[in-house]
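Before any comments, here is the structure.
The values are calculated or read from the model by the stated rules, or taken from the named source; none is laboratory data. Owing to the predicted nature of the structure, the values given are computational and were not obtained by experimental measurement. Because the Cβ atoms are built from the backbone with ideal geometry, glycine has one as well, and the counts that use them run over all protein chains shown.
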Amino acid sequence: MAKSERTALVTGAAGGIGRAVAERLTAEGYRVVMHDKEPSGAQEAARLGAAFVQADLADPKEVWRLAVEARRAFGRVDVLVNNAGFQHVAPLERFPLDAWQAMQQVMVTAPFQLIRSFLPEMKERGWGRIVNMGSIHSTVASPYKAAYVTAKHALLGLTRAAALEAGEAGVTVNAVCPAYVRTPLVERQIADQAANLGLDPGEVVGRVMLEPAAVKRLIEPEEVAALVAFLSSNEAGAITGGCLPVDLGWTAR
C-alpha cells in the first residue's frame with residue numbers, strides 16, 4: 001500500500017518531538033492525525049494539512065474518544081506513534097500522588113488503550129507499525145524522576161509484550177529511546193533540576209544532562225523523527241520489540 005493511503009496517529013503532536021514526527025510523516029506522504037491536549041495543536045495541523053483531535057490522555061474516557069475520532073478522520077490508523085508525555089521533578093518523598101498517577105495514565109495506560117484499539121485492525125490487514133516514545137529512562141534511572149522512570153520502564157515492557165503478540169500478523173512494535181532532546185519539556189526539566197540541585201541552568205546541562213554522553217549536545221527533534229519515520233516504513237519490517245537509542249552514546253558506558 002502506498003504511503004499516501006496510510007494514516008498515522010501521532011499523540012502529543014503540538015510541539016517538540018511529536019510535531020517533528022508529524023511533519024516528517026506528512027512530508028513522506030502519510031495522512032496524519034495529530035493529537036494534543038492543547039488547542040494550539042489545531043493550528044499546527046492546519047499548517048500541515050493534517051487532521052487534529054484535542055483530548056486529555058489523563059482521562060481514560062478521552063483516550064477512547066481519541067481512538068474513535070482518529071479512526072473517523074481517514075477511516076483507519078496504520079501507524080500509531082505514542083509520543084505524548086510530561087515530566088514532574090521532585091524528591092520521591094515529596095512526589096505528589098496525583099502527579100504520579102497522571103504520568104502513569106498518560107505514558108503507560110493511554111498507549112495501552114490505543115494499542116488495544118488499533119491492533120486488531122492492523123492484524124486483520126496484515127500490516128501495522130506502532131512506535132512508542134520511550135527514553136534513556138526506559139533503561140536507566142535518574143534521581144527526582146521516579147514517576148517518569150517508572151512509566152518509561154513500563155512502556156518498554158508494553159512494547160516488548162505487544163511485539164511478541166503482533167509479529168506474526170505483520171505488525172511491528174518498537175520503542176525509540178532518546179536522551180535529552182531540545183524541546184519545551186527538556187527546557188522545563190533544566191529549570192526544575194536547577195532548583196532541586198541548587199545549580200545554574202547552564203551547569204545542569206553540562207554537568208548533569210550531558211555528563212554521561214559521548215556527544216556533548218542536545219538532540220534535535222528532527223533526528224528522533226527520522227528514526228520514527230524509518231520504523232514506520234516497509235523497510236523496517238524486520239525490526240520489532242526494540243529499544244532503539246538516540247542517546248549520544250549515553251548508554252554505551
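Give the residue that is surrounded by the most Cβ atoms within 10 Å (Cβ to Cβ), with candidates limited to residues of the range 59-70 that are within 19 Å of the chain's Cα centre (by Cα) and within 15 Å of residue 121 (Cα to Cα). That would be 70. Each residue in the range 194-231 was checked for being in contact with a helix residue (DSSP H, G or I) (Cβ under 7 Å, 6 or more places away or on another chain), farther than 17 Å from residue 142 by Cα and touching a residue at least 40 places away in the same chain (Cβ under 8 Å), and 7 of them qualify. Of everything in the range 74-94 that is in contact with a helix residue (DSSP H, G or I) (Cβ under 6 Å, 6 or more places away or on another chain) and farther than 30 Å from residue 127 by Cα, the residue that is surrounded by the fewest Cβ atoms within 10 Å (Cβ to Cβ) is 92.
Given the criteria within 15 Å of the chain's Cα centre (by Cα), closer than 25 Å to residue 6 by Cα and either at pLDDT 95 or above or not aromatic (Phe, Trp, Tyr) (or both), does residue 119 qualify? It would help to see each step written out before you state the result.
Working: within 15 Å of the chain's Cα centre (by Cα): no; closer than 25 Å to residue 6 by Cα: yes; either at pLDDT 95 or above or not aromatic (Phe, Trp, Tyr) (or both): yes.
The answer is no for residue 119.
Here residue 194 meets the list (1) in a helix (DSSP H, G or I); (2) under 17 Å from residue 13 (Cα atoms) almost entirely, failing just condition (2).
Results for (1) more than 17 Å from residue 86 (Cα to Cα); (2) of a type in the set (Phe, Trp, Tyr), shown as yes or no for each residue.
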{"position": "118", "(1), (2)": "yes, yes"}
{"position": "134", "(1), (2)": "no, no"}
{"position": "142", "(1), (2)": "no, no"}
{"position": "146", "(1), (2)": "no, no"}
{"position": "150", "(1), (2)": "no, no"}
{"position": "167", "(1), (2)": "yes, no"}
{"position": "181", "(1), (2)": "no, no"}
{"position": "184", "(1), (2)": "no, no"}
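Could you tell me whether residue 159 is at pLDDT below 95, surrounded by 19 or more Cβ atoms within 10 Å (Cβ to Cβ), closer than 20 Å to residue 21 by Cβ and among the hydroxyl-bearing types (Ser, Thr, Tyr)?
Values: at pLDDT below 95: no; surrounded by 19 or more Cβ atoms within 10 Å (Cβ to Cβ): yes; closer than 20 Å to residue 21 by Cβ: yes; among the hydroxyl-bearing types (Ser, Thr, Tyr): yes.
No.
Check 44, 38 and return the single one that is under 17 Å from residue 184 (Cβ atoms) and either part of a loop (DSSP other than H, G, I, E, B) or among the β-branched types (Val, Ile, Thr) (or both). Just one listed residue meets the conditions, 38. Condition (residue is surrounded by 19 or more Cβ atoms within 10 Å (Cβ to Cβ), in contact with a Leu (Cβ under 6 Å, 6 or more places away or on another chain) and farther than 19 Å from residue 132 by Cα) applied to the range 170-182: is it met by at least one residue? No, because not a single residue in the range 170-182 is surrounded by 19 or more Cβ atoms within 10 Å (Cβ to Cβ), in contact with a Leu (Cβ under 6 Å, 6 or more places away or on another chain) and farther than 19 Å from residue 132 by Cα.
In the list 51, 42, 46, which residue meets the criterion of being touching a helix residue (DSSP H, G or I) at 6+ places or on another chain (Cβ under 9 Å) and at negative phi? Show your work before the answer.
Values: 42 fails: touching a helix residue (DSSP H, G or I) at 6+ places or on another chain (Cβ under 9 Å); 46 fails: touching a helix residue (DSSP H, G or I) at 6+ places or on another chain (Cβ under 9 Å).
Just a single option satisfies the conditions, and that option is 51.
Quick check on the range 9-36: of everything there that is touching a residue at least 12 places away in the same chain (Cβ under 8 Å) and either surrounded by fewer than 19 Cβ atoms within 10 Å (Cβ to Cβ) or among the aromatic types (Phe, Trp, Tyr) (or both), which residue is farthest from residue 75 (Cα to Cα)? Across the range 9-36, the extreme among qualifying residues is 15.
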